[in-house]
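Q: Below: one structure in structure tokens.
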């Protein structure tokens, strides 16, 4: 199963939550919820993020923006 663009997944290799930004061949392009540099992941190395993981990522993104006056 290939995750949809806009969905959140956990990259089990990195231990990081990312938003699916696109697909390049078999690889996924992921970006941290708080923004930043995208990275690539193999589809076999990701799993859907749980609701708790998605919430945690979104809260971290909101908190990082508030610290820097965004």
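Every number in this text was worked out from the coordinates using simple rules, so none of it is lab data. These numbers come from a predicted model, not from an experiment. Note: ideal-geometry Cβ built from the backbone for every residue, glycine included; neighbour counts use all protein chains shown.
Q: Residue 50 - would you say it is in contact with a strand residue (DSSP E or B) (Cβ under 9 Å, 6 or more places away or on another chain) and exposed (fewer than 13 other Cβ atoms within 10 Å of the Cβ)?
A: Yes; evaluated as a whole, the condition is true for this residue.
Q: Looking only at segment 20-47, count every residue that is surrounded by fewer than 17 Cβ atoms within 10 Å (Cβ to Cβ) and assigned to a loop (DSSP other than H, G, I, E, B) and tell me the total.
A: 8
Q: Here are some conditions: (1) assigned to a strand (DSSP E or B); (2) in contact (Cβ under 8 Å) with a residue 24 or more places away in the chain; (3) over 10 Å from the mean Cα position of the chain (by Cα). Residue 17 meets all but one. Which one does it not meet?
A: Just one mismatch for residue 17, condition (3).
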